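The values are calculated or read from the model by the stated rules, or taken from the named source; none is laboratory data. Fair warning: this is a prediction, and the values are worked out from it, not measured in the lab. Quick reminder, even Gly has a Cβ in these numbers, built from the backbone with ideal geometry, and neighbours come from all protein chains shown. Just so you know, the surface numbers come from the protein's heavy atoms only, side chains and all, with ligands and any DNA or RNA stripped out. Shrake-Rupley method; radii C 1.70, N 1.55, O 1.52, S 1.80 Å.
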Amino acid sequence: MASLTEAIVELETTRGGGGMNIVFGAARELRPWRQEPFVAEVHDRLLGLMTAA
């Protein structure tokens, strides 16, 4: 999970398009666990990336 967090931090800084695809793909894989606090936090941060774009 640390790698996913690092990737999101990098995307928040660079807004790299290819990285967005990878991180959003990982987030889709985490859907079954979306009620878990870490996954909910990832989801919130990704929503923030989408609204800031």
The chain: GluC sites (Glu not before Pro) in DSSP coil with no more than 11 other Cβ atoms inside 10 Å: none
Given the rule -39500 (n - 2.57) for each run of at least 4 DSSP H residues, summed and divided by the residues of the chain, what is its mean residue ellipticity at 222 nm, to the nearest 500 deg cm²/dmol? -25500 deg cm²/dmol
Report the trypsin sites (Lys or Arg not before Pro) located in the chain that are in a DSSP loop and have at most 13 other Cβ atoms inside 10 Å of their Cβ, or state none. R15, R34
Compute the acute angle (0 to 90°) between the alpha-carbon long axis of helix 37-52 and the principal axis of greatest extent of the alpha-carbon atoms of the chain; round to the nearest 10°. 30
Using a probe radius of 1.4 Å on heavy atoms only, what accessible surface per residue do you get for the chain? Whole Å² is fine. 71
Length gained if V9 through R31 is fully extended, taking 0.36 nm per residue and subtracting the Cα-Cα distance, is 5.9 nm
Kindly express, to the nearest 10 degrees and within the range 0 to 90, the angle between helix 17-29's C-alpha long axis and the longest C-alpha principal axis of the chain. 0
Measuring from the longest principal axis of the C-alpha atoms of the chain, the long axis of helix 2-14 (C-alpha) lies at a number of degrees, nearest 10, equal to 30
Accessible surface of the chain, 1.4 Å probe, proportion on carbon and sulfur as whole %: 57
